[in-house]
Amino acid sequence: MPYEKIDVDNIREMVRKFYAEILKDETLSPFFVKALGDDLENGKWPEHFHTLDNFWGLMMSGHKGYMGDPFPAHAFIGPLYRETFEQWLKLFHAVVYEMFVPTIADKFYKKANILAEQFMDNLGINDDDEDDD
Ligand code: HEM
């Protein structure tokens, strides 16, 4: 049964499921393996998960906790293209629509999409003049 409301535990579950999928993806995994290693249980991953739990808590429920700026982490991690972001969004879409009822999954996906567009603007790879919304 998909979750009908968001809470701390299902955000945690979503984050771990999503990055497990990311590490199986041949386009996306190299960026994460390079920055954080390939062992989701150890090294830099637990801290990354903690950051992401807080980030999504803020995005979805307004919970304070994430005080950072998500963009700088993406500025120098290697060549990112529109296709890289599309692949990220595709995996994210699959995970949130599998786990949550559509109204909640829509909200997750909308937020991710806005951020992806912003990141692409900042990276100068957003040559898409149309308003996707
Ligand atoms: C092309 C797609 C993406 C790639 C390859 C990517 C890769 C990464 C990597 C490697 C890190 C870790 C950097 C480090 O700690 O050294 C990171 C951090 C992060 N990413 Fe992404 N990312 C992508 C898209 C996104 C999107 C669309 C979002 C938002 C919805 C996002 C949110 C974050 C956040 C919140 C952090 C933590 C930033 C911090 O430490 O404060 N990422 N990403």
Within the stretch 22-37, restricting to residues that are in contact with a Phe, Trp or Tyr (Cβ under 7 Å, 6 or more places away or on another chain) and in contact (Cβ under 8 Å) with a residue 60 or more places away in the chain, the one that is farthest from Tyr81 (Cα to Cα) is Ile22
Taking the stretch 100-112 and keeping only residues that are over 11 Å from the mean Cα position of the chain (by Cα), in a helix (DSSP H, G or I) and surrounded by 15 or more Cβ atoms within 10 Å (Cβ to Cβ), one is left with Ile104, Ala105, Lys107
The correct count of residues that are surrounded by 17 or more Cβ atoms within 10 Å (Cβ to Cβ) and assigned to a loop (DSSP other than H, G, I, E, B) in the stretch 53-79 is 1
Flagged in the stretch 53-92 as of a type in the set (A, V, I, L, M, F, W, C) and farther than 19 Å from Asp25 by Cα, in numbering order, are Phe55, Trp56, Leu58, Met59, Met60, Met67, Phe71, Ala73, Ala75, Phe76
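The rows are residues; the columns are (1) in a helix (DSSP H, G or I); (2) near the ligand (Cβ under 9 Å from one of its atoms); (3) of a type in the set (A, V, I, L, M, F, W, C); (4) modelled with pLDDT under 95.
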| site | (1), (2), (3), (4) |
| --- | --- |
| Ala20 | yes, no, yes, no |
| Leu23 | yes, no, yes, no |
| Asp39 | no, no, no, no |
| Gly43 | no, no, no, no |
| Thr51 | yes, yes, no, no |
| Gln87 | yes, yes, no, no |
| His93 | yes, no, no, no |
| Ile114 | yes, yes, yes, no |
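The values are calculated or read from the model by the stated rules, or taken from the named source; none is laboratory data. Remember, it's a predicted structure, so these values are computed and weren't measured experimentally. Counting neighbours? That spans all protein chains shown, and the Cβs are built from the backbone with ideal geometry, glycine included.
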